[in-house]
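A short worksheet on the structure shown next.
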Amino acid sequence: MGSSFNILGQAGKHPIEEERRQLVRSNMASRRGSGKSRVKKDKYSVLLPTYNERENLPLIVWLLVKYFGESGFDYEIIVIDDGSPDGTLQVAQQLQDIYGGDRILLRPREKKLGLGTAYIHGIKHATGNFIIIMDADLSHHPKFIPEFIQKQKEGEFDVVSGTRYSGNGGVYGWDLRRKLISRGANFLTQVLLRPGASDLTGSFRLYKKEVLEQLVERCVSKGYVFQMEMIVRARQLGYSIGEVPISFVDRVYGESKLGGNEIVSFLKGLLTLFATT
């Protein structure tokens, strides 16, 4: 036949389809570019809820400054003290004078209001795009933080959780009773909830800020159950979770806050999660 009109154009491609493909390629290139620039702008906000931690706070802050300084990542440390009667807030103020107000932020509350609300309070003041939560009693060593960050970047995980029960992770300084309680609690959560994570009761984690904000809005538990529910809800919402083996060391100064009431509350919370998830 003679010359026939080809609606696909000279290259046999529909103009609209070609435009769509160009848009997809442009978006992919944009994401790659943003990934490269993200390395420069990432900031890590460490939330430190405290209650009677005046002996431990100077050490944990010094270690955080040390390891962040060596790794070169931008950071801030947010101390959320719940009206400690031992003078923890006064110690925190001295640390702020030493390290500067841009690194040490003080966001105290008048009284003890619970771990979950402490995180919500801290998130409101965090300027980082990643949030790290950890205990202030030296049970969680800041030397693992660079490993958390590396793990997150490698897998683009939404959550990175420290685990005592996988790889070369472990617990040190606990008596047999405390170890049995921890192992038993973790075993029960694995059987009842099947969360796909090896350590639900730990509290050393890294979150994307927007992910943590979504999780705390949905979590209803308090106390030690709060950490467990965070992982369960993360799985429900389809967030990806990576794990880093850590060494958990019992507190050096002060008394453990785990008692009979906390154990009963944990069991009640576990059964509630089992019934509602």
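Using a cut-off of 22 Å between Cα atoms, the listed pairs 112/143; 124/208; 43/124; 151/208; 179/209; 111/143 include 112/143; 179/209; 111/143 as exceeding that distance.
Report the net charge of residues surrounding residue 231, where surrounding means a beta-carbon distance below 13 angstrom and charges are Lys +1, Arg +1, Asp -1, Glu -1. Once all neighbours under 13 Å are counted, the net charge is +1.
Please work out whether the range 45-106 counts as rounded, prolate or oblate from its C-alpha gyration tensor, where a ≥ b ≥ c are the square roots of the eigenvalues and a/c under 1.5 means rounded, while otherwise a/b larger than b/c means prolate and anything else oblate? It comes out prolate by the Cα gyration axes. Applying a DSSP loop filter and a limit of 15 other Cβ atoms within 10 Å to the GluC sites (Glu not before Pro) in the range 45-130 leaves 110. For the peptides 128-135, 175-182, 210-217, 140-147, residues were scored by their other Cβ atoms within 10 Å and the scores averaged per peptide; the highest-first order is 128-135, 140-147, 210-217, 175-182. Multiplying the residue separation of residue 192 and residue 127 by 0.36 nm and subtracting their alpha-carbon distance yields 19.7 nm. Using a cut-off of 9 Å between beta-carbons, work out the net charge of the residues near residue 84 (Lys and Arg +1, Asp and Glu -1, residue 84 not included). Here the charged neighbours net out to -2.
Under 14 Å from a point 7 Å along the Cα-to-Cβ line of residue 107: which residues of the range 201-233 have their amide N that close? 209-210, 212-214, 216-217, by backbone N distance to the label point.
Taken together, the values in this text are just the output of simple stated rules run on the coordinates, not laboratory data. Since the structure is predicted, the reported quantities are computational estimates derived from the model, not experimental observations. As a convention, Cβ positions derive from the backbone with ideal geometry for all residues, glycine included, and neighbour counts pool all protein chains shown.
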